[in-house]
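Worksheet for the structure shown next.
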Amino acid sequence: MTVCWILNESMSTVVVLSWLAVNFYLFIDTFCWYAEEEAFFYTRVILGSTLAWARASAVCLNFNCMLILLPVSRNFISLVRGTSMCCRGPWGRHLDKNLKFHKLVAYGIAVNAVIHIVAHLFNMERYHLGQAKDAEGLLAALSKLGNAPNESYLNPVRTSSTSTTTELLMTISGITGLVISLALILIMTSSTEFIRRTSYELFWYAHHIFIFFFISLAIHGGGRIVRGQTPESLRLHNVTFCREHYAEWEAAALCPVPQFSGKEPSAWKWVLGPVVLYACERIIRSWRFQQEVVITKVVSHPSAVLELHMKKRDFKMAPGQYIFIQCPSISPLEWHPFTLTSAPQEDFFSVHIRASGDWTEALLKAFGAEGQAPRELCNMPRLAVDGPFGGSLTDVFHYPVSVCIATGIGVTPFASLLKSMWYKCCESQSLPELSKMYFYWICRDAGAFEWFADLLLSLETRMSEQGKADLLSYHLFLTGWDENQAIHIALHWDESLDVITGLKQKTFYGRPNWNDEFKQIAYNHPSSSIGVFFCGPKAMSKTLQKMCRLYSSADPRGVHFYYNKENF
């Protein structure tokens, strides 16, 4: 089982381990440098080991802040997926874990921020102790530097009469550090699933505090609180000898008064590239928002499903991609992802939206899909569309064998794929990499099959005519029915066509036995790379992921299942 998991998740494991390794390397290397560097010997006399803790965590903070924006740059990820051959098939599916990596990096920022804050609180307290009346020896001598002309200070706290909090709020580093801390707390606490579901606008507003976070981060080091001995002073002032003769610094020619300076701010150098990239991302999104979206058709389906056909200038898509939709009349802030159900060969793009929350229910109501009188197309609410973006399903055609599994409205991503297959069959085009597709749809409402059955029927007919009947094997499972439906099904069981869908393939009743299904697929395709694509709830996702690990061979020459889940 462990070997299969490594084979299936090798790239994700490598990425996470590499991220951890870089963090540990940066932390340990920086810690050791500040713990041993001669230029910071006198700084360590005042601060002790907390100097190294503060600086090491700062470098790791910069590194993670450099990474945090990359996973949420959707256009950048789509570009990488579309232009790089190595990001297709089994390798490309790891790009769909971008939000998981975004969260992982956020945890890294939080951990290092806590270490950095705690270390600097100790540092400020020790700076204060250096100015205390009972301070003596080298500590007192270092803290008093800067009082006389031509001396540079080492201790930024110049008097013991003020509190640590006051000293912090009187510096650039202290003020920006407070802004960074508050922004981080607000962003992380508002990112919980509960907040996102109950108050999306709170999540949206809080997340956009990242603008203040990055501005404060860029200028945080401008206060230069942590100071070290200048290179010129190190040449004239031998620390090893002079630290024992601090009382004679002004008089002895061998030990002139040491000079200190703050380190140049470096955080902006780490984050400049990703911030510029993300700024370009937002400019592209804003430009797309301004483009007109024309609604050409509105269809209300059973089970509270709304189908929208739209057109937009220069809109180009690929099967399996998704878009973000905003309806300003419902909420000027909320953008929601929906997979495209149209094919690239069609002169429009479409989505199917099921009522499953406040926003989607309001949208169905606005378009007259919940029992209201149908509205004229010219009176429909305005929609804004951002995308399309590449998802995991764009790789379905890049495996020799693909297994597509959907539950309920989760079937919408596969509509685009199956339509594209239908058009390719009509045009007698081949699918060079794909030789077999298995399609499973599990649904509790028989009415939900209606709008999709027509597509399967036409695809079934066309592939039979083209001699490609074996290319697609589909299995529909109905998990909910009432007594009248059961009687109707029993009376027509022996008919050649299915009583619910009208297809040759009969509908199954109940839930699939995934052990049997995966065992049979593995038996049918030994030594194959099989892509498993799923859109549905988390509980089933975990089951399918377990099946992929269980039935993947430990032998590199054997069958391997690669799990892909649709993520937004």
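The values are calculated or read from the model by the stated rules, or taken from the named source; none is laboratory data. The structure displayed is predicted, hence computed values, not measured ones. A quick note on method: Cβ atoms are made from the backbone with ideal geometry, for glycine too, and the neighbour counts reach across all protein chains shown. The area values use the complete protein model at the heavy-atom level, side chains included, leaving out ligands, DNA and RNA. Shrake-Rupley method; radii C 1.70, N 1.55, O 1.52, S 1.80 Å.
Using the structure shown, decide if PHE315 is aromatic (Phe, Trp, Tyr) and within 30 Å of the chain's Cα centre (by Cα). Considered against the rule, which asks whether it is aromatic (Phe, Trp, Tyr) and within 30 Å of the chain's Cα centre (by Cα), PHE315 comes out as yes. Restricting to segment 54-70, name every residue that is among the hydrophobic types (A, V, I, L, M, F, W, C) and either open to solvent by 10 Å² or more (accessible area, probe 1.4 Å) or touching a Gly at 6+ places or on another chain (Cβ under 9 Å) (or both). Within segment 54-70, ALA58, VAL59, CYS60, LEU61, PHE63, MET66, LEU67, ILE68, LEU69, LEU70 meet the criteria. Considering segment 256-278, the residues that are open to solvent by less than 50 Å² (accessible area, probe 1.4 Å) and under 20 Å from the mean Cα position of the chain (by Cα) include one that is farthest from ALA39 (Cα to Cα), namely TYR278. With respect to the conditions (1) open to solvent by 50 Å² or more (accessible area, probe 1.4 Å); (2) of a type in the set (Ser, Thr, Tyr); (3) at pLDDT below 85, THR296 falls short on a single one, namely (3). Can you name the residue in segment 29-42 that is of a type outside the set (A, V, I, L, M, F, W, C) and surrounded by fewer than 22 Cβ atoms within 10 Å (Cβ to Cβ) and is also nearest to TRP270 (Cα to Cα) among such residues? Here the residue is THR30. Test ASN98 against the criterion of being surrounded by fewer than 16 Cβ atoms within 10 Å (Cβ to Cβ) and either assigned by the TED database to the domain that holds ALA56 or within 30 Å of TYR322 (Cβ to Cβ) (or both), and give yes or no. No, not satisfied.
If you check ASP347 against the conditions, is it at positive phi and either open to solvent by 60 Å² or more (accessible area, probe 1.4 Å) or of a type outside the set (A, V, I, L, M, F, W, C) (or both)? Judged against the criteria, ASP347 is not a match. MET317 falls short on exactly one of the conditions (1) in a strand (DSSP E or B); (2) of a type in the set (A, V, I, L, M); (3) open to solvent by 20 Å² or more (accessible area, probe 1.4 Å), and that condition is (1).
The set of residues in segment 230-244 that are in a helix (DSSP H, G or I) and surrounded by 13 or more Cβ atoms within 10 Å (Cβ to Cβ) comprises SER233, LEU234, LEU236, VAL239, CYS242, ARG243.
For segment 380-403, the tally of residues that are over 23 Å from the mean Cα position of the chain (by Cα) and not hydroxyl-bearing (Ser, Thr, Tyr) stands at 9.
Within the span defined as segment 521-542, every residue fails to be charged (D, E, K, R), crowded, with 16+ Cβ neighbours inside 10 Å and at pLDDT 85 or above. Listed by first and then second residue, the pairs with beta-carbon distance under 8 Å, at least 6 apart or on different chains, first residue in segment 529-543 and closer than 14 Å to LEU417 by Cβ and among the small types (Gly, Ala, Ser), second open to solvent by 30 Å² or more (accessible area, probe 1.4 Å) and in a strand (DSSP E or B), are GLY531/TYR562.
When only residues in segment 144-198 that are under 27 Å from the mean Cα position of the chain (by Cα) and assigned to a loop (DSSP other than H, G, I, E, B) count, which is surrounded by the fewest Cβ atoms within 10 Å (Cβ to Cβ)? That would be THR192.
With respect to PHE31, is the statement that it is modelled with pLDDT of 90 or more, within 25 Å of GLY262 (Cβ to Cβ) and touching a Cys at 6+ places or on another chain (Cβ under 8 Å) true? Answer is no for this residue. Of everything in segment 206-217, what is open to solvent by less than 30 Å² (accessible area, probe 1.4 Å) and of a type outside the set (Phe, Trp, Tyr)? Give them in sequence order. Residues satisfying the conditions are ALA206, SER216, LEU217.
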